[in-house]
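The values are calculated or read from the model by the stated rules, or taken from the named source; none is laboratory data. This structure is a prediction, so every number in the text was calculated from the model and none was measured. Glycine gets a Cβ as well: all are built from the backbone with ideal geometry, and neighbour counts include every protein chain shown. We work out accessible area using only protein heavy atoms, side chains counted, and drop any ligands, DNA or RNA first. Shrake-Rupley method; radii C 1.70, N 1.55, O 1.52, S 1.80 Å.
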Amino acid sequence: MTKIVNHWIGGKTAEGASGTYGPVTDPATGEVTTKVAFASVEEVDAAVAAAKEAYLSWGQSSLATRTTILFRFRALLDAHRDEIAELITAEHGKVHSDALGEVARGLEIVDLACGISVQLKGELSTQVASRVDVSSIRQPLGVVAGITPFNFPAMVPMWMFPLAIACGNTFVLKPSEKDPSASIRLAELLSEAGLPDGVFNVVHGDKLAVDRLLAHPDVKAVSFVGSTPIARYIHTTASANGKRVQALGGAKNHMLVLPDADLDAAADAAVSAAYGSAGERCMAISAVVAVGAIGDTLVEKIRERAEKIKIGPGNDPASEMGPLITKVHRDKVASYVTNAASEGAEVVLDGTGYTVDGHENGHWIGISLLDKVPTTAKAYQDEIFGPVLCVLRTETYEEALDLINSSPFGNGTAIFTRDGGAARRFQLEVEAGMVGVNVPIPVPVGYHSFGGWKDSLFGDHHIYGNDGTHFYTRGKVVTTRWPDPADAPTGVDLGFPRNH
């Protein structure tokens, strides 16, 4: 019997009423294992209404109440991390170790939310004028929404909702319809931790559900992670409806390798950063820029390592890389490799014909490595979101920097070098929001914020960290003057002398 994933509204499962369902496949077999209910406008409205009702009390709840619940949720999440990782592997396809890593990175933000009291401290200036004090405080927004991608079905929602609810907001999550089960398990654990009904809600669906959240008058802010075209649409549409928006888009992350770099370390980093999680992550390194005469040696070292990667089902402990999320996506990724030679690239490794014995219908693709890729090639210009690494060659640091800065994306980047001065110049001169120095995937820890520049981010706030706290709250300044108690009206004795 096919599993059905329903919505979570008002603290309990809400069976889909629209009659519309989407298929969820096991990427390793290609088999449809689950149906996910798609929300109607009325079901989205019901989730927002539940969140609005819950906000009346949750928005006034004490910090101690909120953090106590979040501490309990953290303990439950830690205890069930293997179970959540198994759900991720079953629907996304990533290997179990990658899925566990995803849960661990989500836990970082839960940790941050547990300590939200420090982040929400206000400011006070006394005696700015005679008996006048000024204070700054931050207050929650109300109902906020999160729209999250398929590649991190647990981590990216946890980049959003722990901080949002810790700040006193209530939350409506619209996760990817391709791997929805992890979001429902998170909702169940939140409920078990004692979160009041309606504070956290989940509605599944497609563009209809998204558009309703973007237009709903009771939704005050929208967080999004996904591709650049959709991020731009989310930002434009939600902003036009008067909402605060943080919309993280796509990427083409470059790794600059200077002639003095440790090439073995650089090759190790390039392989893990390009092919980890099958390349389905916005922080993947998809373009290596080799400077000077090191190109041939570096490409050979990458090739040697890439050929040894074990590809197989995510639940096989021997597997180092799993399948792609859908057959359609697999075919799109393969097309970039198939067309690479005609666009001027040299195909060093072609993974498009890869299959796994006994799982021939899975969404498999092998490792692909393209060398001497021209900047005009689609494989370089587009965010492929798969295990395809492009290598570009330049003669100088300046040429490489100009190449990187000419990209419309500015999410993450890295430099590999032994020269501290070169690294310092790069981190100041490169146009990207996150920079790694001898670190290929510079995803910030939870108490720093994550976000890119240019077409990789729409909106003023990065996600989580201090920016996340500011995004989910709004500032208020209070100016206060109290008369001196010695000036109390005649007949009112407060015990203060009147000879001041």
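Is it true that Glu383 is among the charged types (D, E, K, R), exposed (fewer than 14 other Cβ atoms within 10 Å of the Cβ) and assigned to a loop (DSSP other than H, G, I, E, B)?
No, not satisfied.
Restricting the search to the stretch 295-320, which residues are in contact with a helix residue (DSSP H, G or I) (Cβ under 7 Å, 6 or more places away or on another chain), surrounded by 16 or more Cβ atoms within 10 Å (Cβ to Cβ) and either more than 19 Å from Leu349 (Cβ to Cβ) or of a type outside the set (Lys, Arg) (or both)?
Leu298, Ile302, Ala306, Ile309, Gly314, Asn315
Specify which of the listed residues (Gly194, Gly198, Gly242) is more than 27 Å from Leu324 (Cβ to Cβ), in a loop (DSSP other than H, G, I, E, B), open to solvent by 50 Å² or more (accessible area, probe 1.4 Å) and not acidic (Asp, Glu). Explain how you work it out, then say what you get.
Values: Gly194 fails: open to solvent by 50 Å² or more (accessible area, probe 1.4 Å); Gly198 fails: open to solvent by 50 Å² or more (accessible area, probe 1.4 Å).
Just one listed residue meets the conditions, Gly242.
Does the stretch 444-457 contain at least one residue that is of a type in the set (A, V, I, L, M) and either part of a helix (DSSP H, G or I) or more than 30 Å from Lys243 (Cβ to Cβ) (or both)?
For the stretch 444-457, residues of a type in the set (A, V, I, L, M) and either part of a helix (DSSP H, G or I) or more than 30 Å from Lys243 (Cβ to Cβ) (or both): absent.
Return the total of residues in the stretch 178-193 being of a type in the set (Gly, Ala, Ser) and over 17 Å from the mean Cα position of the chain (by Cα).
Of the residues in the stretch 178-193, 4 are of a type in the set (Gly, Ala, Ser) and over 17 Å from the mean Cα position of the chain (by Cα).
Just to verify a result, which residue in the stretch 321-359, among those that are touching a residue at least 60 places away in the same chain (Cβ under 8 Å) and open to solvent by 50 Å² or more (accessible area, probe 1.4 Å), is nearest to His92 (Cα to Cα)?
Applying the filter and picking the extreme gives Lys327.
Hey, does the stretch 310-331 have a residue that's within 18 Å of Pro440 (Cα to Cα) and touching an Asp or Glu at 6+ places or on another chain (Cβ under 6 Å)?
No; the residues of the stretch 310-331 include none that is within 18 Å of Pro440 (Cα to Cα) and touching an Asp or Glu at 6+ places or on another chain (Cβ under 6 Å).
Only one of these is within 28 Å of Lys332 (Cα to Cα), out of contact with any helix residue (DSSP H, G or I) (no Cβ under 6 Å at 6 or more places or on another chain), open to solvent by 20 Å² or more (accessible area, probe 1.4 Å) and among the aliphatic types (A, V, I, L, M): Leu457, Leu428. Name it.
After ruling out the rest, the residue left standing is Leu457.
Any idea which residue in the stretch 157-185 is nearest to Tyr55 (Cα to Cα), counting only those that are assigned to a loop (DSSP other than H, G, I, E, B) and open to solvent by 20 Å² or more (accessible area, probe 1.4 Å)? Walk me through it before giving the result.
Step one: list which residues in the stretch 157-185 are assigned to a loop (DSSP other than H, G, I, E, B), which gives 167-169, 175-180.
Pick out the ones that are also open to solvent by 20 Å² or more (accessible area, probe 1.4 Å) and you get 177-178.
Working: Glu177: 27, Lys178: 30 Å.
The qualifying residue nearest to Tyr55 (Cα to Cα) is Glu177.
Of the residues that sit in the stretch 279-294 and are out of contact with any Asp or Glu (no Cβ under 8 Å at 6 or more places or on another chain) and more than 18 Å from Gly412 (Cβ to Cβ), which one is most open to solvent (accessible area, probe 1.4 Å)?
That would be Ala293.
Can you tell me which residues in the stretch 49-106 are open to solvent by less than 20 Å² (accessible area, probe 1.4 Å) and of a type in the set (Asp, Glu)?
Glu91, Glu102
Given Ala247, Ala251, Ala266, which one is assigned to a helix (DSSP H, G or I), in contact with a helix residue (DSSP H, G or I) (Cβ under 9 Å, 6 or more places away or on another chain) and closer than 30 Å to Val225 by Cβ?
Matching residue, one of Ala247, Ala251, Ala266: Ala266.
Has the stretch 386-401 got at least one residue that is buried (at least 23 other Cβ atoms within 10 Å of the Cβ), in contact with a Lys or Arg (Cβ under 6 Å, 6 or more places away or on another chain), in contact (Cβ under 8 Å) with a residue 40 or more places away in the chain and of a type in the set (A, V, I, L, M, F, W, C)?
Taking every residue of the stretch 386-401 in turn, none turns out to be buried (at least 23 other Cβ atoms within 10 Å of the Cβ), in contact with a Lys or Arg (Cβ under 6 Å, 6 or more places away or on another chain), in contact (Cβ under 8 Å) with a residue 40 or more places away in the chain and of a type in the set (A, V, I, L, M, F, W, C).
Which residue, of Ala64, Ala113, Ala75, Ala51, is among the hydrophobic types (A, V, I, L, M, F, W, C) and more than 23 Å from the chain's Cα centre (by Cα)?
Ala64
Can you say whether Glu188 is open to solvent by 10 Å² or more (accessible area, probe 1.4 Å), in contact with a helix residue (DSSP H, G or I) (Cβ under 7 Å, 6 or more places away or on another chain) and acidic (Asp, Glu), as far as the supplied structure shows?
So Glu188 fails the test.
From Arg81, Arg74, which residue is among the basic types (Lys, Arg), over 17 Å from Asp316 (Cβ atoms) and free of Cβ contacts under 8 Å to residues at least 40 places away in the same chain? Give the steps one after another, and end with the answer.
Working: Arg74 fails: free of Cβ contacts under 8 Å to residues at least 40 places away in the same chain.
Answer to the selection: Arg81.
Which of the residues that make up the stretch 215-228 are under 20 Å from Pro180 (Cα atoms) and surrounded by 23 or more Cβ atoms within 10 Å (Cβ to Cβ)?
Val222, Ser223, Phe224, Val225
Thr413 passes all but one of (1) modelled with pLDDT under 95; (2) surrounded by 19 or more Cβ atoms within 10 Å (Cβ to Cβ); which number fails?
Here Thr413 meets the rest and fails (1).
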